[in-house]
1. In segment B:19-64, which residue that is at pLDDT 95 or above and in contact with a strand residue (DSSP E or B) (Cβ under 7 Å, 6 or more places away or on another chain) is farthest from B:Gly407 (Cα to Cα)?
2. Exactly one of these conditions fails for B:Thr94: (1) outside any strand (DSSP E or B); (2) under 30 Å from B:Gln417 (Cα atoms); (3) in contact with a strand residue (DSSP E or B) (Cβ under 6 Å, 6 or more places away or on another chain). Give me its number.
3. Looking at (1) assigned to a strand (DSSP E or B); (2) of a type outside the set (Lys, Arg); (3) outside the structural domain of B:Arg170 (by TED's automatic domain parsing), can you tell me which one B:Ala36 breaks?
4. For segment A:261-378, which fully contained helices (runs of 4 or more DSSP H) count at least 2 residues that are at the interface with chain B (Cβ under 7 Å from one of its Cβ atoms) and in contact (Cβ under 8 Å) with a residue 40 or more places away in the chain?
5. Please verify whether A:Leu92 is under 24 Å from the mean Cα position of the chain (by Cα), touching a residue at least 40 places away in the same chain (Cβ under 8 Å) and surrounded by 24 or more Cβ atoms within 10 Å (Cβ to Cβ), treating the condition exactly as stated.
6. Is it fair to say A:Ala231 is surrounded by fewer than 24 Cβ atoms within 10 Å (Cβ to Cβ), in the same structural domain as A:Ala34 (by TED's automatic domain parsing), in contact with a Ser or Thr (Cβ under 8 Å, 6 or more places away or on another chain) and among the small types (Gly, Ala, Ser)?
7. Among the strands (runs of 3 or more DSSP E) confined wholly to segment B:113-199, which include 1 or more residues that are charged (D, E, K, R)?
8. State all residues of segment A:420-433 that are surrounded by fewer than 19 Cβ atoms within 10 Å (Cβ to Cβ) and within 7 Å of chain B (Cβ to nearest Cβ); if no residue qualifies, say none.
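The values are calculated or read from the model by the stated rules, or taken from the named source; none is laboratory data. Because the structure is a prediction, the values reported are computed rather than measured. Please note: Cβ atoms are built from the backbone with ideal geometry, for glycine as well, and neighbour counts cover all protein chains shown.
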Number of protein chains: 2
Amino acid sequence: MALPTLDVNNALSSSVGQGGLSPDALEKVAPRVASAHAAIFGARAAGKLPYLDLPTDRAAADAAKALAKELSGYGSLLVLGIGGSSLGAKALFTSLCHPFHNLLPVERRGGRPQVFFPDNSDGSTFSGLLEVVDLQRAAVAAITKSGGTAETWAQLLLLRERLGAEAARRQVVAITDPERGALRAVAREEGWRTLPVPPGVGGRFSVLTAVGLLPAAVAGVDVDALLSGAAEMVARCDTPDLAKNPAAMLASVLHLLDVERGRRIHVFMPYADALRETADWFVQLWAESLGKQESVGPTPVRAVGATDQHSLLQLLMEGPQDKATVFLAVEKPRAELSIPRDTPAQPDVKYLGGHTFHGLLSAEQRATAAALAKGGRPSLTITLPTLDAHGMGALLMLLELATSFAGQLYGVDPYDQPGVEAGKRYTCGLLGRPGYEPSRDELAKMPAGDPRWVVR
Amino acid sequence: MALPTLDVNNALSSSVGQGGLSPDALEKVAPRVASAHAAIFGARAAGKLPYLDLPTDRAAADAAKALAKELSGYGSLLVLGIGGSSLGAKALFTSLCHPFHNLLPVERRGGRPQVFFPDNSDGSTFSGLLEVVDLQRAAVAAITKSGGTAETWAQLLLLRERLGAEAARRQVVAITDPERGALRAVAREEGWRTLPVPPGVGGRFSVLTAVGLLPAAVAGVDVDALLSGAAEMVARCDTPDLAKNPAAMLASVLHLLDVERGRRIHVFMPYADALRETADWFVQLWAESLGKQESVGPTPVRAVGATDQHSLLQLLMEGPQDKATVFLAVEKPRAELSIPRDTPAQPDVKYLGGHTFHGLLSAEQRATAAALAKGGRPSLTITLPTLDAHGMGALLMLLELATSFAGQLYGVDPYDQPGVEAGKRYTCGLLGRPGYEPSRDELAKMPAGDPRWVVR
């Protein structure tokens, strides 16, 4: 089946003038791309980049599918997880399921559960959720790779109490490290079912583990097609040839637009509501993987077309020349609607008659790319033939691999996130966690705010 | 009632070192703030800034409330609008209504309609929506200030056909310019009810017109409290004294962090799920108002705490020093949940026992601000006493006024958006609109993409 394509013409000086890259720049980066390819696929061969092997890990996929089948009779699935333990599954759910899945009557959902991602440790959201789900008919997927994520545990501890030990044994599934961490230990003690997150796969690269596959399968996503699309994309990108490698091309163009043209804001703009959460997933992937040094770290910004033409476009068109836009177009929509031919005669309305919604959306995407190009502002366009599981698997893998290539080009480790630890320590200090007294004391010693600088 | 407060201590060098502002810088900007105040409130007195008078426009509020009452018996309200015609109402709906309003049984919604914002011209979303609402029991608010927004008309034309003229007369409300534009003309011809958008109020400043008030009132928002909060904030900010003017202080600190410290990415990060859409609303307001020149235009980025600690925080902590973060904390949550005291003994879990969800969220916000400060990265904190209509009115007005002040400080017109026209012309050209042949021809003459730069 067809894979997504990547068109970078509008990022080149031939289209956008001096704000774009010269083809020279791409020729010059080619040897670095070849080295990056050798490093990435060498690491894979050495077993050190297991996310690339997930698409062919049949055993893991089958385990997720089998468990999903057992859960499919529940009224709802509550996915407890945050960040990398939520964004991937949410991207799959929103891109591949009915846009109002949770509002459909159960028979129109094929008997499948409603799916919720409470995500944040926000008591207003979670108490609201408990008002609309019947907890006796809810399955719970608790997902934390480390096993110790505070937000997820807050929710899980509450549900564990409300369900009681016996119901929890039936209804809770823990998805976590196969050996280590608090969730694994508690799951053992309390007899919860579990699925493993392979130790070498980081949270933001884990969408094709049980972390993403279990909720997706419960919601009715075709996991096999998803994995086959991803596998095809891995194969496609296993080449040192920049011109044939969409992940390397995406990474190279964005990297060069940043370091050679000062375009360190990367706007990721799908023209499809269903890809909104995929953009959120990419924002985490790109930001957390590459934001590692004062001199390195593009800022990804999520936008959705055509909606954000009415929000960010003014800034993209006329503001500072510090941005590059990645459009994501879908060639064939999942559902189509026609605008009636019979319209009022007003010129602002009449021309719309007889077009399709998708025709309008697609014209807006091409028009926006053209307007940016004419204004000397570069963009790239990924085109997805259709929004199905195979295409989504390919797209997600394309973006993960682009992140690996970008890590090589920027010279940073895209798989760690050391910067988030300080905040976690302070949180533990504030909540009185034993052992975190030094963090608490450090906070207490910070200068008190001067009341002059508080406007009341 | 208490208004939101603004604490800028963590934006100053006393807290964050050289990445922050010296108090000198704020003293130096004070005269410019006084001039800005004179310009803004002078324009208001001359009738040229009518958004500032919306909070006391009783007649407009009463009209919106009366019409909302008539619509309150419908099963659902479809709000057709995009950008400024959708973001404000969505912010009010999601911040002030039940987080799962549309999933509540009708009696738990107080008999009120479900509320939907289809927003985009995405046929998959819209056809999905038509599967879950009963169109015979749906009210339709069609909102476009100019009267000619393509996305909104695509949806409206479809519903107009499906409803038929007679039902449309009962079910459609048009919210648009009082005299001009296609929607006004069609509403007259077809006998639809209407509410006006005051001509001098731009889309992104229109949340307190019928654009925001009608959908909010239908959903059950206390419109009077909303307006009284906004009115109090206008009064609060009607002073040339920087130290007493939260809008001027917010604008000044963000402006100075941009122009003096190169922090041109402004991360807006509420610690409350309910404020996610308010952040989207602010992104439009800030981006479209200020993004006007190659040398002027901060990029606003939406984040939500604690969720995006697991996404953007790594970049904020260790990436380039080009960002400032605006935290938005809520002191007293609308609903509260306690984490059970009885927890497993694992150290990663035990310390959470007995805390509240809000206690955890609030500790995370303070910890993150402290970690950023320790890393030399500035932030500001807006604190909302509680998330109610009065507070939201005050918050939205604070942010609108901050935008007016920022326009003055940056030296741009914050009320126009000339940059979005080129894309609209190309869209009309692509769709064959009479009169737009030159745009079509211009597009046709653009260089065809070189197939070498398309990776398939």
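1. B:Ala63
2. (3)
3. The one condition B:Ala36 does not meet is (1).
4. Details: elements: A:276-290, A:313-318, A:347-350, A:357-374.
Counting at least 2 such residues, we get A:276-290, A:313-318, A:357-374.
5. yes
6. Numbers: surrounded by fewer than 24 Cβ atoms within 10 Å (Cβ to Cβ): yes; in the same structural domain as A:Ala34 (by TED's automatic domain parsing): yes; in contact with a Ser or Thr (Cβ under 8 Å, 6 or more places away or on another chain): yes; among the small types (Gly, Ala, Ser): yes.
Judged against the criteria, A:Ala231 is a match.
7. Numbers: elements: B:114-116, B:138-143, B:172-176, B:193-196.
The qualifying strands (runs of 3 or more DSSP E) are B:193-196.
8. Listed by number, the list holds a single entry, A:Gly432.
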